[in-house]
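Quick notes on the structure that follows.
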Amino acid sequence: MRRWNGWGDDTVVYPLPEAARPFLEERLGPARPPRDATFERIVAAVPPSRLAPHPLVSQAPEVRARHARGQSLPDWIAMRSGCLAAFPDGVAFPTTRGEVRALIAYARETGARLIPYGGGTSVAGHVNPLPGEAPVLTASLARLNGLTHFDAVSHLATFGAGITGPDLEAELRARGFTLGHFPQSFELSTLGGWIATRSSGQQSLGYGRIERMFVGGRLESPAGTLELAAFPASAAGPDLREIVLGSEGRLGILTEATVRVSALPERERFHAVFFPDLTHGTAAARELVQSGVPLSMLRLSTAVETETALILAGHQRLIAALERVLALGGAGAGKCMLLLGFTGRKAPLRAARADALDITRRHGGVRLGGAAVGRQWQKSRFRTPYLRNTLWETGYAVDTLETATRWSNIPTLLGALEAALRPALDDIGERVHVFTHLSHFYAVGASLYTTYAFRIADDPGETLRRWQALKTAASRAIVAHGGTITHHHGVGTDHAPYLAAEKGELGLAVLRDVCARFDPQGIMNPGKLLPSR
Ligand SMILES: Cc1cc2nc3c(=O)[nH]c(=O)nc-3n(C[C@H](O)[C@H](O)[C@H](O)COP(=O)(O)OP(=O)(O)OC[C@H]3O[C@@H](n4cnc5c(N)ncnc54)[C@H](O)[C@@H]3O)c2cc1C
């Protein structure tokens with residue numbers, strides 16, 4: 001069963017590797033496991049529903065509690081401590097477009113706020129009901145989750161928007177295809193959520209972001225139905241798919257989506273190469289991308305992330321042996337790991353691999369042990385989020401944030417971002433463990449993905465205050481140093497205050513007008529995406 005106050009399936013446990021605890025104690029100090037609230041306590045705190053009964057809407061407190069929050073760190077703090085400011089007044093699980101339309105009509109008539117809910121894996125506050133006078137209805141797309149049309153000739157598949165990553169890939173795999181969209185939240189996130197947040201999968205270098213896959217679909221809005229026909233390309237004015245992408249539930253509910261799919265690859269391999277430092281690794285990654293070597297993934301870790309990843313991987317003796325060999329090859333202390341993904345047909349892959357390894361070698365890359373590290377990464381790529389549960393239960397909070405910038409600005413932004421986070425809790429004598437990787441590479445730049453860990457306080461309010469101090473420091477550094485406030489997590493509530501700096505006042509006004517056209521009463525997921533005025 002899905003864990004109600006953390007990540008994933010509650011039968012899956014990722015134990016802390018032996019070397020991890022002393023490492024964290026050395027970096028952050030010893031921690032005490034927090035006292036988490038029980039599910040029964042949360043359920044008991046759910047207030048009576050303010051919604052009039054409706055046959056499609058469940059008012060059961062257990063269901064409302066399970067849909068009260070997403071997966072951001074503030075969401076975790078709220079769920080784990082039992083301090084939730086608001087719950088949805090009801091949750092509906094529509095099974096047809098007609099039912100979605102009926103729910104929109106019901107929300108309009110009753111003045112309820114309507115939150116589309118995919119997998120609830122948002123890490124930016126997208127699915128949280130906000131406190132207020134109006135009742136809140138959450139519409140889970142979990143039962144609109146089938147394959148409705150498959151066109152093998154055109155490589156197009158149409159799904160109900162609530163389909164999760166594993167179910168979608170299982171349908172396609174059975175037909176010899178893949179979507180190739182693998183965010184780390186793959187296990188629980190949904191096609192509709194990916195589109196509504198402009199998600200990016202781990203293999204975006206090969207398959208593209210969700211924008212490149214989303215060909216058409218259907219959006220039910222308070223103002224009516226928006227049909228997006230699946231053309232290969234069109235010059236018929238501005239592309240309306242672009243306003244649905246990233247709309248974060250503000251325009252309506254995407255009930256189905258047509259996506260471009262690819263034939264299953266004949267072969268897929270991941271390989272690690274280690275560089276003496278980040279400068280060499282960055283130069284290699286840039287050349288790999290700009291020279292067009294056909295890779296499906298690149299991920300370059302800073303020295304601190306490389307060290308942390310190797311410690312958290314366990315297998316202490318093997319890692320120690322690997323590190324000795326790497327040091328002999330020139331990648332000693334300060335080494336940075338680059339993961340490369342090779343996906344596709346066998347013959348071109350052989351050429352791509354030779355090309356890529358040649359480029360990495362010219363930049364000082366050492367590939368000893370890289371195949372085994374690559375296999376290990378592949379095996380645990382969707383398991384890593386489970387470690388967040390274990391770390392929380394040990395007493396450490398972990399959060400991530402992401403941005404993107406042009407190549408020439410990467411060193412500046414990376415330096416500013418980490419320098420903003422590291423001392424952000426100095427005033428209370430707490431340390432922060434910060435590390436970053438570059439991923440989602442483009443010819444003109446890359447995304448920076450930063451993880452930060454700190455100790456959980458005894459008082460949940462204090463833990464939240466620590467998070468706020470860190471998040472604010474990082475967001476300001478991003479805005480001040482030429483990064484986008486989000487490369488793939490979306491805006492939600494947490495990034496909304498920084499949107500004006502990126503879009504400008506006219507840009508924001510246009511977005512507000514678009515929302516008002518689809519949703520004149522302002523019932524669709526208010527408070528998300530656009531900053532409150
Ligand atoms: C452990 C972890 C790892 C993650 N890794 C990645 C990653 O690698 N790449 C990445 O891009 N993101 C990642 N995320 C963030 C998150 O998974 C994405 O934002 C994802 O796209 C959200 O999908 P969802 O189905 O869970 O949507 P939800 O969280 O349910 O909703 C997100 C937003 O989309 C709207 N929405 C959802 N479905 C619909 C619909 N059918 N119609 C209209 N609006 C809708 C909601 O109203 C909300 O505003 C990660 C999150 C976690 C917790």
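Per-atom-type breakdown for region 421-485 gives carbon and sulfur 54% of the accessible area (1.4 Å probe, protein chains only).
Between Thr279 and Ala351, take the C-beta separation as r, use R0 = 25 Å, and let me know the FRET efficiency to the nearest 0.05.
Details: r = 28 Å, r/R0 = 1.11.
Result of the calculation: an efficiency of 0.35.
The label point for Glu227 and the one for Ala371, both projected 7 Å from the Cα toward the Cβ, are 5.3 nm apart. Residues whose amide H comes within less than 5 Å of that of Cys336, counting only those at least five positions distant or on another chain, are Phe275, Asp277 (H built at 1.01 Å from N in the peptide plane).
Can you give me the % of accessible surface on region 260-388 that is carbon or sulfur? Probe 1.4 Å, all protein chains present, nothing else counted. After summing per-atom areas, the C and S share lands at 55 percent.
Rounded to the nearest 20, the Cβ-based charge dipole of the chain about its Cα centre (Lys and Arg +1, Asp and Glu -1) stands at 940 debye.
With the convex hull drawn around the C-alpha atoms of the chain, the volume per residue stands at 149 Å³. Among the GluC sites (Glu not before Pro) in region 241-308, those placed in a DSSP loop whose Cβ has at most 16 other Cβ atoms within 10 Å are Glu266. Residue-wise HN-Hα couplings along region 109-114, as the Karplus relation 6.51 cos²θ - 1.76 cosθ + 1.60 with θ = phi - 60° gives them from phi, are 5, 9, x, 6, 7, 10 Hz; Gly and Pro carry x.
Secondary-structure-derived ellipticity at 222 nm for the chain, considering helices only, amounts to -11000 deg cm²/dmol, per-run term -39500 (n - 2.57) for DSSP H runs with n ≥ 4.
Evaluating 6.51 cos²θ - 1.76 cosθ + 1.60 at θ = phi - 60° for every residue in region 390-399, the Karplus couplings come out as 5, 5, 4, 5, 8, x, 10, 9, 10, 9 Hz, glycine and proline recorded as x.
Projecting the Cα atoms of Gly334, Gly429, Gly237 onto the charge dipole of the chain, computed from C-beta unit charges around the Cα centre, puts Gly334 farthest toward the positive end. Here region 1-25 is scanned for amide nitrogen atoms under 12 Å from the site 7 Å beyond the Cα of Ala320 along Cα-to-Cβ, giving 19.
Taking Cα atoms only, the orientation of helix 460-480 departs from the longest principal axis of the chain by about 70 degrees. The GluC sites (Glu not before Pro) of region 1-87 that meet both conditions, a loop assignment by DSSP and at most 12 other Cβ atoms within 10 Å of the site Cβ, are Glu18.
Between 0 and 90 degrees, the angle of helix 410-421 with respect to the longest Cα principal axis of the chain falls at about 70 degrees. Taken over the C-alpha atoms, region 237-380 has Rg and Dmax values of 18.8, 60 angstrom. Based on the alpha-carbon gyration tensor of region 390-485 and its eigenvalue square roots a ≥ b ≥ c, which shape applies: rounded if a/c is under 1.5, prolate if not and a/b is larger than b/c, or oblate? Because a/c hits 1.5 or more and a/b exceeds b/c, region 390-485 counts as prolate.
Here's how it looks for Gly445: its modeled amide H is under 5 Å from those of Trp407, which are all 5 or more places away or on a different chain. Protection proxy ranking, highest mean first, for peptides 355-366, 225-236, 497-508, 117-128: 117-128, 355-366, 497-508, 225-236, where packing is the per-residue count of other beta-carbon atoms within 10 Å, averaged.
The 3J(HN,Hα) values that the Karplus relation (6.51, -1.76, 1.60; θ = phi - 60°) gives for region 187-202 are, in residue order, 4, 10, 7, 10, 4, x, x, 4, 5, 5, 10, 6, 6, 10, x, 4 Hz. Gly and Pro appear as x. Placing +1 on each Lys and Arg Cβ and -1 on each Asp and Glu Cβ, with no other charges, gives region 88-133 a dipole about its Cα centre of roughly 180 debye. Projecting the Cα atoms of Ala263, Ala284, Ala354 onto the charge dipole of the chain (Cβ charges, centred on the Cα centre) puts Ala354 farthest toward the positive pole. Based on protein heavy atoms only, the chain ends up with 41 Å² per residue of surface accessible to a 1.4 Å probe. Taking the C-alpha atoms only, the angle from helix 346-362 to the longest principal axis of the chain is near 60 degrees.
What separates the Cα centres of region 52-117 and region 190-267 is a distance of 24 Å.
Considering only Trp467, Thr405, Thr343, the residue lying farthest towards the positive end of the dipole of the chain is Thr343, judged by Cα position with unit charges set on Cβ.
Grab the eigenvalues of the alpha-carbon gyration tensor for region 8-110, scale each by 5, take roots, and send me the semi-axes largest first in whole angstrom.
On the way: eigenvalues 289, 50, 27 Å².
In descending order the semi-axes read 38, 16, 12 Å.
Dipole size of region 431-533 about its Cα centre, with +1 on Lys/Arg Cβ and -1 on Asp/Glu Cβ: approximately 120 debye, rounded to the nearest 20.
Distance from the alpha carbon centroid of region 310-324 to that of region 480-516 works out to 42 angstrom. Residues within the reach of a label modelled at Ala45 (point 7 angstrom out along Cα to beta-carbon, backbone nitrogen below 11 Å), restricted to region 74-103, are 77-87. Taking trypsin sites (Lys or Arg not before Pro) across region 102-172, the ones in a DSSP loop with at most 16 further Cβ atoms lying within 10 angstrom of their Cβ are Arg143.
The values are calculated or read from the model by the stated rules, or taken from the named source; none is laboratory data. Bear in mind the structure is a predicted one, so any value in this text is a computation, not a measurement. No Cβ is skipped: glycine too gets one built from the backbone with ideal geometry, and neighbour counts run over all protein chains shown. For accessibility, only protein heavy atoms count, side chains too; no ligands or nucleic acids. Shrake-Rupley method; radii C 1.70, N 1.55, O 1.52, S 1.80 Å.
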